[in-house]
Amino acid sequence: MKENKGQKTYFIKTYGCQMNEHDSEKISWILENMNYIETQNIEEADFIIYNTCLVRENAEVKVYGNLGSLKQLKRQKADLMIAVCGCMMQREEARNVILSKHRHVDIIFGTHNIHKLPQLINNHLQTGETIVDIFEDGREIIENINSNRKYSYKAFVNIMYGCNNFCTYCIVPYTRGRENSRDPENIIKEIEELAKNGCKEVTLLGQNVNSYGKTLKTDYSFTDLLKDINKIDGIERIRFMTSHPKDLSDELINCYATLDKLCGHLHLPVQSGSNKVLKEMNRNYTKEDYLKIINNLKKLVPNISITTDIIIGFPGETEEDFNDTLELVKEVRFDSAFTFLYSIREGTKAAKMENQIDDKVKHSRFQRLTDTLNEIALELNQKLVGKTLEVLVEEVSKNNTEVLTGRSRNNKLVHFKGNEDLIGSIVSVKIENVKTFTLEGSLV
Ligand code: SAH
Ligand code: SF4
Ligand code: F3S
């Protein structure tokens, strides 16, 4: 933490996905350029920012709950400034709730106009009024915002914004706007700069990275980008999130064999194993298409780890549909999965569908799915005992200061004893014990 020389402090809380996490790094950079410094203690902050998510109802409920508890703080500190931004603020309904029930909020902005924050702060300070500023769509890509990144050795890099897919359950296209790819020159320049400053691992961010390039004026695809990033000295690991099965090309599968820096892990959300449900979700692939991708990948890269997202209880999901999902899980053998109970999002097509599934049924299916996933995850991890993995050391374990944690190339969390000087370096760890979600080993 930097020294506070009478500077104003800010506290930022991020909800949601990596997109929001990275946006918070940009907000942080903007604020530090305005001479604010970060504090981890919300009670001492002069400026509190909530960067919000609304992908599921519970994400929204959390934001309103936390905002409610700031009322007291605002009463105690007259000059405390509060801003709410992020995906929730792209929805008029959510903005109206803030404006009517959380009047202690001073600034509201969205996902497309982060660069305007200095102006919005000044407007508020000069007028004392609540400032609401939203761009309804992505318009042009703003390139001159830098990021105050959390780690020096690994970094998120946006390659595209928005989403054109309109999966029927999903609110993201309504908050992040239409698909828009960043120019490759800007991406490469950013990664070269990161590498110069010691960054070893980049995670390329986009809602559907496989369709990267479609909005560019030149003929340049996601795999072209991967090939160019693979040439950058200093970068040792490339990851990306997220790809959509409908656009996953054979060319991308080949990259796993040809690009030495591309990590052996693919996060490929399947959502459901039932063709009927996939169709209702507007996913544009079948269970068979998905399995074909996985089989091709595994043929080429036998040790690749595959992770996914699954939604349980989409409207009309029968026991048979759910069993199709369980069967698919057993066939693919995912290393891990994010599992979600379907949540109604007003404004999406699925919100209006009949046959919404009873909560009890959803929870029972969720439990059965989790048990199956965990069993498989443990079995896959057990196969790693005795193997030596390359680990990028990330931090000291929160529970034991003698233990370091890091990620293997196939994205497994690895714990081992070591000195904190190793943070940021790539080491070899021999795996000795495994659990469902973590591996334990010793430095070799
Ligand atoms: N663009 C990414 C992820 C977007 S949101 C992708 O397409 O993979 C992350 C995950 O949240 C989705 O993959 C989906 O599994 C889940 N999700 C989105 N909307 C949801 C909803 N209404 N209810 C439950 N889960 C949802
Ligand atoms: Fe949502 Fe589908 Fe777009 Fe992912 S691809 S952000 S799930 S609409
Ligand atoms: Fe991410 Fe939530 Fe927005 S999942 S894109 S922060 S709605």
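For the range 388-443, calculate the relative contact order in percent as a whole number, restricting contacts to Cα pairs under 8 Å that are 6 or more residues apart.
35 percent
Between the alpha-carbon centers of the range 139-177 and the range 327-368, tell me the distance in whole angstrom.
Using only Cα atoms, the two centres lie 25 Å from each other.
Contour minus end-to-end for Asn295 and Thr401, with contour as 0.36 nm per residue of separation and end-to-end as the Cα-Cα distance? Present the calculation step by step, with values, prior to reporting the outcome.
Details: separation 106, 0.36 × 106 = 38.16 nm, distance 4.12 nm.
Length difference between fully extended and current span is 34.0 nm.
Taking each pair of distinct Cα atoms in the range 154-382 once, what is the resulting Kirkwood hydrodynamic radius in Å?
Values: mean 1/r = 0.0535 Å⁻¹.
Final number for the Kirkwood radius of the range 154-382 is 18.7 Å.
Can you give the accessible area of Lys62, probe radius 1.4 Å, in Å² rounded to 10?
Solvent-accessible area, nearest 10 Å²: 120 Å².
With θ taken as phi - 60° and the coefficients 6.51, -1.76 and 1.60, list the Karplus ³J(HN,Hα) couplings across the range 163-175 in order, rounded to whole Hz; mark glycine and proline as x.
Whole-Hz 3J(HN,Hα) from phi for the range 163-175: 7, 9, 7, 6, 4, 5, 8, 9, 8, 3, x, 7, 10.
Could you please put Met19, Met353 in sequence from largest to smallest accessible area, using a 1.4 Å probe?
Final ranking, largest accessible area leading: Met353, Met19.
Name the residue from Thr215, Ile312, Tyr290 whose Cα lies farthest towards the positive end of the charge dipole of the chain, charges +1 on Cβ of Lys and Arg and -1 on Cβ of Asp and Glu.
Ile312
State the Kirkwood hydrodynamic radius of the range 8-133 in Å, one decimal place, computed from all pairs of distinct Cα atoms.
14.4 Å
Taking loop as defined by DSSP and a crowding limit of 12 other beta carbons within 10 Å, which chymotrypsin sites (Phe, Trp or Tyr not before Pro) in the range 236-306 fit?
Numbers: sites: Phe240, Tyr256, Tyr285, Tyr290; in loops: Tyr285.
Answer in residue order: no site qualifies.
Run lengths n ≥ 4 of DSSP H only: what is the helix-derived mean residue ellipticity at 222 nm for the chain, with -39500 (n - 2.57) per run over all residues, to the nearest 500? Provide the component values of the computation, followed by the final result.
Numbers: 13 runs with 150 residues, N = 444.
-10500 deg cm²/dmol, from helical runs alone.
For Lys74, give me every one of the lysines with a C-alpha distance below 26 angstrom, ignoring sequence neighbours fewer than eight places off in its own chain.
Lys2, Lys5, Lys8, Lys13, Lys26, Lys62, Lys101, Lys116
List the Cys residues of the chain that have no partner Cys with a C-beta closer than 4.7 Å.
Cysteines of the chain left without a disulfide-compatible partner: Cys17, Cys53, Cys85, Cys87, Cys163, Cys199, Cys255, Cys263.
Scan the range 187-261 for trypsin sites (Lys or Arg not before Pro) in coil per DSSP, keeping those whose Cβ has at most 16 other Cβ atoms within 10 Å, and list them by number.
For trypsin sites (Lys or Arg not before Pro) across the range 187-261 that sit outside H, G, I, E and B with at most 16 neighbouring Cβ atoms in 10 Å, the list reads Lys214, Lys217, Lys231.
Sum up the charges of everything whose Cβ sits under 12 Å from the Cβ of Leu125, counting Lys and Arg as +1 and Asp and Glu as -1, but leave Leu125 out.
-3
Could you tell me the relative contact order of the chain? Use alpha-carbon pairs under 8 Å, at least six residues apart, and round to a whole percent.
Answer for the chain is 10 percent.
What is the Cα radius of gyration of the range 150-204 over 2.2 N^0.38 Å, N being its residue count?
Details: Rg = 14.2 Å, N = 55, 2.2 N^0.38 = 10.1 Å.
Taking N as the residue count of the range 150-204, the ratio is 1.41.
State which entries of Lys217/Lys412; Lys231/Lys287; Lys214/Lys349 exceed 28 angstrom in Cα-Cα distance in the structure shown.
Pairs exceeding the cut-off: Lys217/Lys412; Lys231/Lys287.
Looking at the chain, what % of the alpha carbon pairs are farther apart than 38 Å?
Percentage above 38 Å: 26.
Of Lys349, Lys435, which has the most accessible area and how do the rest follow, probe 1.4 Å?
Sorted descending by solvent-accessible area, the residues read Lys349, Lys435.
What's the magnitude of the charge dipole for the chain around its Cα centre, counting Lys and Arg as +1 and Asp and Glu as -1 at the beta-carbon? Answer in Debye, nearest 20.
For this selection, approximately 340 debye.
Find the percent of Cα-Cα distances in the range 329-385 that exceed 20 Å, and round it to a whole number.
43 percent
The values are calculated or read from the model by the stated rules, or taken from the named source; none is laboratory data. Being a predicted model, the structure only gives us computed values, none of them experimental. Backbone-built Cβ (ideal geometry, glycine too); neighbour counts: all protein chains shown. Heads up: the accessible areas ignore ligands, DNA and RNA and are worked out on the full protein's heavy atoms, side chains in. Shrake-Rupley method; radii C 1.70, N 1.55, O 1.52, S 1.80 Å.
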